[in-house]
Amino acid sequence: MDFVDFLVRRSDDMLELGLGHAGVVGLSVLLATVLGVSLGVASYQRERAREAVLAVTGAFLTIPSFALFILLLGPLGLGTAPVVVALTMYGLMPVVRNTITGLREVDPAVVESAQGMGLSRRQRLLRIELPLAWPVIITGVRVSTLVLLGIAAIGAIVNGPGYGELIFTGLARVGTPVAVDLVLAGTLGVIVLAVLFDLLFYAVRRLTTSEGIR
Amino acid sequence: MSAPTSDDTTTQPAVTEEYHAGHRRSLAGYLVMPGVLALACLVLYVYVSQQELDSIEARSLNAATLTGALWEHVQLTAVSTVLTLLIAVPLGIVFTRPFTRPIRSYLITLLTLGQAVPTIAVLVLLAVVFLFLGFWAAIVGLVLYAIIPVLLNTMVGLEQVDKAVLEAGRGMGMARFTVLRRLELPLAVPVILAGVRTALVINVGTATLVTYINAGGLGDVIVAGLSTNRVTIQIVGAALTAVLALLIDYLAGIAEDLLRPRGL
Amino acid sequence: MTSPSVDSTSSDRVMIHLDQLSKRFPGQHDNAVDELTMDVREGEIVVLVGPSGCGKTTTMKMINRIIEPTSGRIVLDGEDVTRTDPDQLRRRIGYVIQQVGLFPHLTVGDNIATVPTLLGWSRDRTRERVDELLSMVNMPPESFRDRYPKQLSGGQQQRIGVARALGGDPAVMLMDEPFGAIDPITRDRLQNEFLRLQSEVRKTIVFVTHDIDEAIKMGDRIAILQEGSRIAQYDTPEQILTHPANEFVASFIGRGASLKRLNLSRVADIELSPWPTVGVDASPEEALQALRATHHSAVLVLDESGRPRRWVGAEDVRHAGGRPLDQVGLPPEPVVEPEVTLSDALNELLTARYSVTIVVNRQGAFQGVVDIDQITDAVRTMRRTAVSRARAGLDENP
């Protein structure tokens, strides 16, 4: 098959673009997780703060990615920087939301008994509440990752790394036989990454979740 | 495909209604977004009117061109959303009937992974494979992409309808179809409304990209700015797109609050 | 055999002193707790009991400052702790709540190790403490240490809750309806176990319940509280049952005070009846001989250590067909230990095959039986004492 030939011929490219795509998504997910969990922790106990944080991060997700990349072009220029910033903004909402949900679902009796045993606010959060909310939080991170893998392809507009490059190159050559191969290869690359990331999350979740709450 | 596991799917509700779960807002909360958007438009207007526009910029940045692009964008969004709902909601109902139970968790995992397929890839594939361009090509692409999240929303929503209520309905002698029509669907209204909002938000965003398959919309403005290297045009296009998306989401949110059945 | 808590051996040293303690919640007009002053002595169980909304739980939660008092002082073992670091304070006070609140992501052992770890105990000392506490609550360490809370029954979880509260060997324990969410049969067993545990550890305990029967059973002293945590009466269970201080107390105790008094006496307080027994190696002839010598229709088969093995009647022996005595007849039920109240013993024997309850000591060796006559006698004696005490009281205050 021609397409397979194409993939074999371009395997170095595929690998390099894949690493770039995974790298930019991985970095953004990491940033979104750190920021999102912090925002969730800071806001989950007060209704107004919760609503404000969810409204703002939700609004980020509403802004079309094409528009956001362009708007970030001015301050950040071309390349990886605007892509990472935009993807981090998109990744926040699912993480924040699941952090808040997870923390609020922790049994109040568990928190009260921790308090009654003399765990400080910080100890309660780090040793009891976050570990118990963790399965929900990591599910949010997983959703963020899948959404970001797709959006990252559009980052090629601002010269971001990843499979988007193949898709846009194919678009530029509409009507030539190689165009279909290019677009298919880019799409397939993203899907393969999605499956790999999903397997990774499955493993991480099993390894980092206590047997007692599985 | 990755192994879908039971513990993966039990937490799915938190996953799939990812865009917005309706929470009622205070009056002040209702006024924040229009205020922010009006301010953004004002700043944009002042910024543009203070610039000395050259002929290329003037060709894009005039009322006729902008409202034309805006109108196309709204049409794309509206048509694709209606079609998305017409397909995704009935499909969601079918997929939650008992006969799908053995494969449902696999289906949900598959759909979740499907969300990773880039929107641009769907549109561009239509163009390069079928040489299918223009408004209706865009509609097909938009609908294909937006079906997945709305379908997921509907399925999760219907699954969440309290099983006890349904059993009570069956117990009172309602037929299966009556249970669906009189109990399941009304109780699932909030979920379907959330699906409408999700579809709108996704479609208004994706419609920015259909300029690449000659289907117009506000993306035209941005691309015009990119190809002529005029930053002002780029910013106006992008900012208008963002404002339109946030406005549509805001209006959909209000509709959601108003239409939700009381008591839910 | 000692009977715990009845002959209250609490010292006169005051362990907890509440001084004009008040709590008003924001936005409320009345004090939830209104200038409460009370003392709890070292080593005693004080039960706070009263109708819902009377402020008993608020009172208890102010002692470890889960709820901060609006005014007043809390003095713990002579030290004013009203303003000290609450986390440090709580590590010195065991805390058990109705919903238990075990940490689901930690093993049973790690749950119990929580406070020792916070207190900076060495690893070895902590591990020893965990095993010691598990044994104390009758849960073999080797099989329970590494389990997770979800793998335990409700009763077992509550036992772990108690063990965890004892982790740092606190002098004081607060217990908020600890047995409230447990089925009645398990609750009874846990209460008895807890009383036995307390007879060993001798903690100062503040125990909250809305159940007057539980209060009578568990308390060395009972504080009956009215709205605003005002003390209606603070006295021993005997005094409250026989001398209710006012209408409120009388109506709170309710009818059936004589039956409730059965909760005040324990099997250890009365003289047990004998019952014919044979050894497990006895021949059928020996068993039949023993049966002929008594008017009871069965003998109790005991093993080498004197532990009951079977009830065996004449028919059982005849149809044994060469099987040893511990394989015929009926299982030796019901069995109680001397700590249980007469009320529990009565409950058991009402449904028993031979209308008696077997009493064994802590090693499981047979001590005697309790039958209905002994219980009736006990009720009669108590009523007589109550009446004479009441008369004596009248004489003192004419």
The stretch C:288-298, subset within 11 Å of C:Trp275 (Cα to Cα) and free of Cβ contacts under 8 Å to residues at least 24 places away in the same chain, residue surrounded by the fewest Cβ atoms within 10 Å (Cβ to Cβ) = C:His295
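Does B:Pro13 fit the bill of being surrounded by 13 or more Cβ atoms within 10 Å (Cβ to Cβ), in contact with an Asp or Glu (Cβ under 9 Å, 6 or more places away or on another chain) and either modelled with pLDDT of 80 or more or within 26 Å of A:Arg50 (Cα to Cα) (or both)?
Values: surrounded by 13 or more Cβ atoms within 10 Å (Cβ to Cβ): yes; in contact with an Asp or Glu (Cβ under 9 Å, 6 or more places away or on another chain): yes; either modelled with pLDDT of 80 or more or within 26 Å of A:Arg50 (Cα to Cα) (or both): yes.
Here the answer is yes, as B:Pro13 does meet what is asked.
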Scope the stretch C:37-66; condition surrounded by fewer than 21 Cβ atoms within 10 Å (Cβ to Cβ) and part of a strand (DSSP E or B); matching residues = C:Thr37, C:Met38, C:Asp39, C:Arg41
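Just give me the residues in the stretch C:240-261 being at pLDDT 80 or above and not in a helix (DSSP H, G or I), in sequence order. Give the steps one after another, and end with the answer.
First, pick out the residues of the stretch C:240-261 that are at pLDDT 80 or above: C:240-253.
Hits for the stretch C:240-261 are C:His243, C:Pro244, C:Ala245, C:Asn246.
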Top-ranked residue of the stretch A:139-164 - restricted to ones that are of a type in the set (Val, Ile, Thr) and within 7 Å of chain B (Cβ to nearest Cβ), ranked as surrounded by the most Cβ atoms within 10 Å (Cβ to Cβ) = A:Ile154
Residue satisfying condition, being crowded, with 21+ Cβ neighbours inside 10 Å and more than 10 Å from every other protein chain (Cβ to nearest Cβ), within set B:Thr241, B:Thr228, B:Thr198 | B:Thr198
Could you tell me which of the residues B:Gly237, B:Gly195 is part of a helix (DSSP H, G or I), touching a Gly at 6+ places or on another chain (Cβ under 8 Å) and over 21 Å from A:Ala86 (Cβ atoms)?
-> B:Gly195
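Of the residues that make up the stretch B:88-100, is at least one among the charged types (D, E, K, R) and assigned to a helix (DSSP H, G or I)? Steps first, please.
Kept after step one, since they are among the charged types (D, E, K, R), are these residues of the stretch B:88-100: B:97.
Still in the running and assigned to a helix (DSSP H, G or I): none.
Checked against the condition, which is being among the charged types (D, E, K, R) and assigned to a helix (DSSP H, G or I), the stretch B:88-100 yields no hits at all.
Pick out, from the stretch B:119-192, the helices (runs of 4 or more DSSP H) lying fully within it that include 3 or more residues that are out of contact with any helix residue (DSSP H, G or I) (no Cβ under 8 Å at 6 or more places or on another chain) and at pLDDT below 75.
On the way: elements: B:119-130, B:135-160, B:163-171.
In the stretch B:119-192, the matching helices (runs of 4 or more DSSP H) lie at B:163-171.
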Considering each of C:Arg92, C:Arg129, C:Arg123 in turn, give the residue that is farther than 11 Å from A:Ala114 by Cα and more than 26 Å from the chain's Cα centre (by Cα).
-> C:Arg123
Conditions: (1) over 24 Å from the mean Cα position of the chain (by Cα); (2) crowded, with 16+ Cβ neighbours inside 10 Å. C:Asp30 meets all but one. Number of the miss?
-> (2)
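Within the stretch C:131-166, take every residue that is outside any loop (DSSP other than H, G, I, E, B) and of a type in the set (A, V, I, L, M) and give me the one that is nearest to the other protein chains (Cβ to nearest Cβ).
The initial filter retains those residues of the stretch C:131-166 that are outside any loop (DSSP other than H, G, I, E, B), namely C:131-136, C:141-144, C:149-151, C:154-165.
Filter once more, keeping what is of a type in the set (A, V, I, L, M): C:133-134, C:136, C:160, C:162-163, C:165.
Details: C:Leu133: 14, C:Leu134: 17, C:Met136: 18, C:Ile160: 11, C:Val162: 12, C:Ala163: 12, C:Ala165: 8 Å.
Once the filter is applied, the top-ranked residue is C:Ala165.
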Assuming A:Ser113 fulfils every condition listed in (1) in contact with a helix residue (DSSP H, G or I) (Cβ under 6 Å, 6 or more places away or on another chain); (2) facing another protein chain (nearest Cβ under 8 Å); (3) polar (S, T, N, Q) apart from one, which condition is it?
-> (1)
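Counting just the residues of the stretch C:317-330 that are on the phi < 0 side of the Ramachandran plot and over 38 Å from the mean Cα position of the chain (by Cα), which one comes out surrounded by the most Cβ atoms within 10 Å (Cβ to Cβ)?
The selected residue is C:Val317.
What residue, of A:Val34, A:Val96, A:Val53, is under 28 Å from A:Trp134 (Cβ atoms) and out of contact with any Leu (no Cβ under 6 Å at 6 or more places or on another chain)? Even if it seems obvious, please write down each step before you answer.
Details: A:Val96 fails: out of contact with any Leu (no Cβ under 6 Å at 6 or more places or on another chain); A:Val53 fails: out of contact with any Leu (no Cβ under 6 Å at 6 or more places or on another chain).
Testing whether each residue is under 28 Å from A:Trp134 (Cβ atoms) and out of contact with any Leu (no Cβ under 6 Å at 6 or more places or on another chain) leaves just A:Val34.
For the stretch B:165-200, what are the residues that are among the charged types (D, E, K, R) and either farther than 13 Å from B:Glu256 by Cα or in contact with a Leu (Cβ under 6 Å, 6 or more places away or on another chain) (or both)?
B:Glu167, B:Arg170, B:Arg176, B:Arg181, B:Arg182, B:Glu184
Identify all residues within the stretch A:27-43 that are surrounded by fewer than 16 Cβ atoms within 10 Å (Cβ to Cβ) and within 19 Å of A:Asn159 (Cα to Cα); write none if there are none. Step through it out loud before you land on a result.
Filtering the stretch A:27-43 for residues surrounded by fewer than 16 Cβ atoms within 10 Å (Cβ to Cβ) gives A:27, A:30, A:34, A:38, A:42.
Residue satisfying the conditions is A:Leu27 alone.
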Starting from the stretch A:95-108, keep only residues that are more than 10 Å from chain B (Cβ to nearest Cβ) and without any contact (Cβ under 8 Å) to a residue 60 or more places away in the chain, then list their pairs with residues that are in a helix (DSSP H, G or I) and among the acidic types (Asp, Glu) whose Cβ atoms are within a distance under 8 Å, requiring at least 6 positions of separation or different chains.
-> A:Val106/A:Glu129
Residue satisfying all of: in the stretch B:99-126; more than 13 Å from chain A (Cβ to nearest Cβ) and polar (S, T, N, Q); surrounded by the most Cβ atoms within 10 Å (Cβ to Cβ) among these = B:Ser105
From the options A:Ala52, A:Ala59, residue that is under 13 Å from B:Ala245 (Cβ atoms), among the small types (Gly, Ala, Ser) and either touching a residue at least 24 places away in the same chain (Cβ under 8 Å) or assigned to a helix (DSSP H, G or I) (or both) = A:Ala59
What do you reckon, is B:Glu57 in a helix (DSSP H, G or I), farther than 22 Å from A:Pro94 by Cα, modelled with pLDDT under 80 and away from chain A (no Cβ under 11 Å)?
-> yes
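From C:Glu304, C:Glu333, C:Glu271, C:Glu285, grab the single residue that is surrounded by fewer than 20 Cβ atoms within 10 Å (Cβ to Cβ) and not in a loop (DSSP other than H, G, I, E, B).
Working: C:Glu304 fails: not in a loop (DSSP other than H, G, I, E, B); C:Glu333 fails: not in a loop (DSSP other than H, G, I, E, B); C:Glu271 fails: not in a loop (DSSP other than H, G, I, E, B).
Exactly one of C:Glu304, C:Glu333, C:Glu271, C:Glu285 is surrounded by fewer than 20 Cβ atoms within 10 Å (Cβ to Cβ) and not in a loop (DSSP other than H, G, I, E, B), namely C:Glu285.
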Criterion (closer than 25 Å to C:Asn263 by Cα and buried (at least 23 other Cβ atoms within 10 Å of the Cβ)) met by exactly one of C:Met173, C:Met218 = C:Met218
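Tell me whether the stretch A:165-177 contains one or more residues that are facing chain C (nearest Cβ under 10 Å) and among the hydroxyl-bearing types (Ser, Thr, Tyr). Please lay out each step first, then the result.
Within the stretch A:165-177, the subset facing chain C (nearest Cβ under 10 Å) is none.
Checking the stretch A:165-177: not a single residue is facing chain C (nearest Cβ under 10 Å) and among the hydroxyl-bearing types (Ser, Thr, Tyr).
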With criteria (1) at pLDDT below 95; (2) within 22 Å of C:Ile205 (Cβ to Cβ), C:Lys150 comes up short on (2)
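The values are calculated or read from the model by the stated rules, or taken from the named source; none is laboratory data. Computed from a predicted model, the values in this text were never measured in an experiment. Note that we place each Cβ from the backbone using ideal geometry, even for glycine, and neighbour counts take in every protein chain shown.
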